[in-house]
Amino acid sequence: MKRQLPSETLDEQFLSLSTRKAPLSESIRLGAQLMLQKAVELEVTEFLGRDHYQRSGDGVLQGYRNGYEDKQVQSAEGPLHLKMPQARDTIEAFDSLWLRALFRRSDKLAALIPQLYVKGLSTRDIEAALTDTMEVEG
């Protein structure tokens, strides 16, 4: 019997939201969680060069999947709980580009919050703060 992927479980939960008449914020959060889960699963598939339960054609096994690690990512709609696929016996460690980009953006926004608060959160101030941050980065 084939095991169910975390993204398939999330898919079922997301589809059941319409029957429960869930709040929009819950639908958005679960949709973001589903997309991110599918993205990291596809990244591991690409990283290993084969799909679940598939063997490489040349007989050489260059790493394998070994379960999932729970990971929590902060978003505007609340925490997203992911199951990060684990890859073992690989030449280099697996590192998700999606999560790296998401954490980098979160750090930038967290640094902006005090600055925006002090400036009073007016539209002009927010635009100026974002421009200042982009110039520092570049």
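The values are calculated or read from the model by the stated rules, or taken from the named source; none is laboratory data. The structure presented is a predicted model; accordingly, all values stated were derived computationally and were not measured. When we count neighbours, we look across all protein chains shown, and the Cβ atoms used for this are built from the backbone with ideal geometry, even at glycine.
A few comments on the model shown:
- Identity of the residue in region 7-55, at negative phi and basic (Lys, Arg), that ends up surrounded by the fewest Cβ atoms within 10 Å (Cβ to Cβ): 55
- If you filter region 92-121 down to residues that are within 15 Å of residue 75 (Cα to Cα) and among the basic types (Lys, Arg), you find that the one that is modelled with the highest pLDDT is 100.
- Looking across 86, 4, 72, 62, one residue alone is exposed (fewer than 14 other Cβ atoms within 10 Å of the Cβ), of a type outside the set (D, E, K, R), free of Cβ contacts under 8 Å to residues at least 40 places away in the same chain and not in a strand (DSSP E or B). It is 4.
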